[in-house]
Amino acid sequence: MKMKLTGTFIQPICGGDTPVMNWSRAEWDREFAVMKELGIDTVILLRLFLDDWMAYDSPCLKRLENAIPTQLDYVDLFLSLAEKYGIRLFVPTYSPMHDWLLATYDPKKEFAAFKELVDEIWSRYGHRKAFGGWYFAQEISGADSFLVAELFQMLGKYVKSVSGSLPILTSPGMRKAIGAAEHEKQWDYLLDIMDGAVDIIAFQDGHVSFHQLEEYQAVNVKLARKHGIEVWSNVESFDRQIIPKFQPIAWDKLRFKLNCAVRTGHDKLITYEFTPFLSPYGCYKTWTESLLARYREWCETESRS
């Protein structure tokens, strides 16, 4: 079966790729052109703020996080480029910088802040043609995340009522220590809580060993089918086994994960993330040139098979 990466996360404000934070509109335009040429039709903005900085001049984030606006309005920029290249953009909701596992976490109180930001985003950008969905940015991974799942349930219903039922994506982790059977039990429980609130689930594929991956992914597809949602694989294109972390992955590892995701029947393959780890223009140019070349060869081989 022929499948390739057709989506990617993108983060203009980040801790590990400062060159990207210095890109102009022209350089981001060049990046979108490459992504389009490779078949990417979906871009997910990872977050709206990090370490004091926000992706657009948001009164809400100024109040909630005392955040400082960047020079570019990245939400507007990415929507414009997505419209130019026929790509859909998923826009993130609020991702507060505090621990949701604390006993004091209250989903109902959290909802008020999330709702405020959703209203602000929709009033400013909701008319845009490329606004293709929402991304719930909390990266939960197991049953102890049930309070966030309750928040997702409340927020999902509200977001759909505001935006005309645009799809909602979440990209959780997996826990290798609990085993695939317990993973299935815990996520069956969480997806029951989220029923009707999440349309797409894209599990990150880097938290379990290569030996476990296909077993876990088969469970993920089974769960998604049971709960009536799409299942994507978030194929991480950085290498968790190399120190320091967050450098481009070895091709054999990426190929292994791509093939696992295809064999287990995922609906779509996305990556975290194209710009630093696969792009010819990212911060690891000497590494990404050969990785991208191997990926192109794999795509060509798959198309002939």
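Share of the chain's accessible area from carbon and sulfur, percent, 1.4 Å? The partial results should precede the final answer.
Details: 6730 of 12860 Å².
Result for the chain: 52 percent of the exposed heavy-atom area is carbon or sulfur.
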- Mind telling me which of Asp52, Asp205, Asp76 comes out most flexible in a GNM of the chain, alpha-carbon contacts under 10 Å? Asp52
- Message: If I build a Gaussian network model for the chain, linking alpha-carbon pairs within less than 10 angstrom, which residue out of Leu72, Leu278, Leu155 has the largest mean-square fluctuation?
- Response: Leu72
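Excluding ligands, DNA and RNA, what is the solvent-accessible area per residue of the chain at a probe of 1.4 Å, expressed in Å²?
42
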- Item | Amide H partners (placed H, <5 Å) of Thr271, local residues excluded | Gly7, Thr8, Phe9, Val235
- What are the lysines whose alpha-carbon lies under 16 Å from the alpha-carbon of Lys129, with same-chain residues fewer than 8 places away excluded? Lys84
- Query: What is the spin-label model distance, in nm, from Met3 to Met21 if the labels are put 7 Å beyond Cα along the C-beta direction?
  - Reply: 3.5
- Which whole-percent values make up P(r) of the range 26-110 when all C-alpha to C-alpha distances are grouped in 5 Å steps starting at zero? 3, 13, 20, 18, 16, 13, 9, 5, 3, 0
- Message: For the range 1-86, what does the relative contact order come out to in percent, with C-alpha contacts under 8 Å and a separation of six or more?
- Response: 30
- Item | Calculated [θ] (222 nm, deg cm²/dmol) that DSSP helices of n ≥ 4 give over the chain, each run adding -39,500 (n - 2.57) | -15000 deg cm²/dmol
- Item | log₁₀ of I(q)/I(0) at q = 0.16, 0.24 Å⁻¹ - the range 115-228, Debye sum with one point per alpha carbon | -0.74, -1.34
- Task: Using only alpha carbon pairs under 8 Å that are at least six residues apart, calculate the relative contact order of the chain and give it in whole percent.
- Result: 18
- Message: Past 28 Å, Cα to Cα: identify those pairs from Lys62/Lys157; Lys160/Lys222; Lys185/Lys257; Lys36/Lys226; Lys157/Lys185, in the order given.
- Response: Lys36/Lys226
- For Trp134, other-chain or 5+-apart residues with amide H closer than 5 Å (H placed, Pro excluded) are Val91, Ile168, Leu169
- Enter the Cα centre distance for the pair the range 191-259 and the range 20-52, rounded to the nearest angstrom. 22
- Averaged over every viewing direction, what's the projected area of the C-alpha convex hull for the chain? Give it in nm², one decimal, please. 15.0
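The values are calculated or read from the model by the stated rules, or taken from the named source; none is laboratory data. Here the structure is a predicted model, which is why all the values come from computation and not from measurement. Methodologically, a virtual Cβ is constructed for each residue, glycine included, from the backbone with ideal geometry; neighbour enumeration extends over all protein chains shown. For the accessible areas, the whole protein counts, side chains as well, though only heavy atoms, and no ligand, DNA or RNA atoms are used. Shrake-Rupley method; radii C 1.70, N 1.55, O 1.52, S 1.80 Å.
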